[in-house]
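Please read the structure below before turning to the comments.
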Amino acid sequence: MGNASRRPPRSAGLLTAALFLVFVTACSGGISKAEHLSYGCREGRRIALTFDDGPNPQYTEQVLGILQSHNAVATFFHEGQAVESNPGIVKRELALGMVVGSHSYTHAQGLPSMSRADFARDLRQAEDALMPALGYRPGLYRAPYGHTSDSMLAELRAAGYTSIGWDLDSTDWSDATADQVVRSVLDNAHPGAIVLMHDGGLGGGNSDRSTTIAAPPHIVDGLREQGYALVTVPELTGAPAEHGGKRRSACSAS
């Protein structure tokens, strides 16, 4: 009886178990906790190329031509205001088997510091721009500059989005040459990588993306020589492209 008096109450044991479960869930890589993915399934040699800041008539069309000629797919994260001006490009992307996600409405820098309500308005504005071209509500979101906040992730969860980052930066946004961009990708390629590239300008602008245009043919060929298959973000991560779509195991298609 004396030992029993020193035992922790049953409620304390349940609390400890609950905290352990939360810790395991947070560290397991599951998308149900943070709804943010920076890479996909590490099993098998698959990689996802992604392009931000379009659609841009000059550069996105060239990227699509390259991908089509190489029988390759990619995932595009588009700015809402650019989609409003170029809905036909989005429709062509879908026809070619590409996946399209949201990249905010204007690529504003201050999204992480916004109130949740203000971010929600930007999210809906981008969604309203994308839906007529897509024919459905997008399920993927990439934050401008990759910057997120707890309130952004909470709103994205509530709105049915998965936040998508990257873990392989092509550096095509910098002053790197096309050869350097190619080497950045090929030298750092690894199973499950999500590769960051750009096909448009910030806020719908017309930034020079000629480096991006020169690099993909060599990146696609080089990755395939290394034994990689090019897939979309939903294929790599299991996150659905469409709002309300069915999630699946990230490695189910490996």
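Each value in this text was obtained by applying a stated rule to the coordinates, not by laboratory testing. Treat the numbers as computed from the prediction; the structure is a model and nothing was measured. Counting neighbours? That spans all protein chains shown, and the Cβs are built from the backbone with ideal geometry, glycine included.
Odds and ends about this structure:
- With θ taken as phi - 60° and the Karplus curve 6.51 cos²θ - 1.76 cosθ + 1.60 applied, the whole-hertz 3J(HN,Hα) list for region 171-184 is 6, 6, 7, 8, 8, 5, 6, 4, 4, 5, 4, 4, 5, 4 Hz, x standing for glycine and proline.
- Using bins of 10 Å that start at zero, the share of Cα-Cα pairs per bin across region 145-240 amounts to 14, 39, 34, 13, 0, in whole %.
- log10 of Debye I(q)/I(0), alpha-carbon scatterers only, for region 124-166 at 0.13, 0.21 Å⁻¹: -0.28, -0.70
- Note on D208/R124: beta-carbon distance plugged into 1/(1 + (r/R0)^6) with R0 of 35 Å gives a FRET efficiency of 0.65.
- Efficiency of FRET from Cβ geometry, D221 and A158, R₀ 35 Å, rounded to 0.05: 0.25
- 5 angstrom amide H check on V100, placed H, neighbours 5+ away: F76
- Taking the average, over residues, of other Cβ atoms within 10 Å as the packing measure, peptides 111-120, 92-101 rank 92-101, 111-120 from highest down.
- Full-extension gain in nm, R248 to M131, via 0.36 nm per residue minus C-alpha separation: 39.8 nm
- Inter-label distance, nm, simple model (7 Å from Cα along the C-beta direction), H70/Y145: 3.0 nm
- Look at the alpha carbon pairs under 8 Å that are at least 6 residues apart: their mean separation over the length of region 144-198 gives a relative contact order of 38 percent.
- Simple spin-label estimate for S38 and Q180 in nanometres, 7 Å along Cα-Cβ: 2.3 nm
- Peptides 239-248, 47-56, 182-191, 71-80 ranked from most to least packed by the mean count of surrounding Cβ atoms within 10 Å: 47-56, 71-80, 182-191, 239-248.
- Positive-end extreme of charge dipole, region 34-140 - chosen from A108, I66, Q81 (charges on Cβ): I66
- Distance (nanometres) between label positions extended 7 Å along Cα→Cβ at N188 and A117: 4.0 nm
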